[in-house]
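So the structure is just underneath, and the comments pick up after that.
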Amino acid sequence: MRGVAKEIAAALCAITLLLAPMASHGGGQKYEPLSASVQAALNRAIADQAVPFLAFEDEQEARRWLAAMSSNLIKRIPNRVEREELLVTVHYEAKRAGLDPQLVLGLIQVESAFRKYAVSSVGARGYMQVMPFWVKLIGASDQNLFHLRINLRYGCTILRHYLDIENGNLFRALGRYNGSLGKAEYPNMVLNAWHGTWRYMPPPVRASVQ
């Protein structure tokens, strides 16, 4: 009987874990009043519905990048279609916001560990752990922060906004993004992930033979 009781307890524990919302170690952006011009600019950035694409001039190089990034992500997202959809969207949204796609991948790794439905203790949501107040501030009430495109669009736009506020200082911008401005732990974690796990060196261009 004791063995059966243990099995039942283990099963109930597993069900509880499955039903519980995924926690995240990510922080959360802090609400700050925006000027009308900044709010309008961010609203336009969020509203643009351009179709994602890999911003490479050379298709072969695009395939190399996708393959390299996919190999680093395969353990976290085993499904190839889901994995490549995420990478293509990250690449497009990062480039659109003037960010390095590998930086964004590093940020996602630290914020949510690539969990689409991650929720932090302060309510930040999704891959890039976007705080819900941003939807009311610059978006539309029907936008779902667990949606891949919407989450990455917001996250990249917000990071770009913080970079502009900090005059290009990435360390401080990352602190703002995580709600830990002035502390080194979070920016260092993102920078280490960016230059470590997600570092990408394109192959050298071969000189043409005359």
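The values are calculated or read from the model by the stated rules, or taken from the named source; none is laboratory data. What you see is a predicted model, and the numbers here were worked out from it, not measured in a lab. Quick reminder, even Gly has a Cβ in these numbers, built from the backbone with ideal geometry, and neighbours come from all protein chains shown.
A compact table of results
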| item | result |
| --- | --- |
| Of residues in the range 68-98 being in contact with a Lys or Arg (Cβ under 9 Å, 6 or more places away or on another chain) and among the small types (Gly, Ala, Ser), the one surrounded by the most Cβ atoms within 10 Å (Cβ to Cβ) | Ala97 |
| Subset of the range 99-153 (residues that are among the aromatic types (Phe, Trp, Tyr) and crowded, with 23+ Cβ neighbours inside 10 Å) | Tyr127 |
| Residue check, Glu84 of a type in the set (D, E, K, R) and either over 15 Å from the mean Cα position of the chain (by Cα) or farther than 24 Å from Lys30 by Cα (or both) | yes |
| Residues of the range 119-139 that turn out to be over 11 Å from the mean Cα position of the chain (by Cα) and either closer than 18 Å to Asn178 by Cα or in contact (Cβ under 8 Å) with a residue 60 or more places away in the chain (or both), as a count | 14 |
| Meets criteria (more than 24 Å from Ala41 (Cα to Cα) and of a type in the set (Gly, Ala, Ser)) for Ala62 | yes |
| Selection count where residues are more than 13 Å from the chain's Cα centre (by Cα), under 24 Å from Arg44 (Cα atoms) and assigned to a helix (DSSP H, G or I), scope the range 161-200 | 8 |
| Close pairs (6 angstrom Cβ cut-off, 6 or more residues apart or separate chains): within 23 Å of Thr157 (Cβ to Cβ) in the range 177-200, surrounded by fewer than 17 Cβ atoms within 10 Å (Cβ to Cβ) and of a type in the set (S, T, N, Q) anywhere | Tyr186/Ser180 |
| Some residue of the range 97-118 being modelled with pLDDT under 95, in a helix (DSSP H, G or I) and closer than 14 Å to Thr157 by Cα | no |
| Scope the range 165-198; condition of a type outside the set (A, V, I, L, M) and within 22 Å of Leu145 (Cβ to Cβ); matching residues | Gly175, Arg176, Tyr177, Asn178, Gly179, Ser180, Tyr186 |
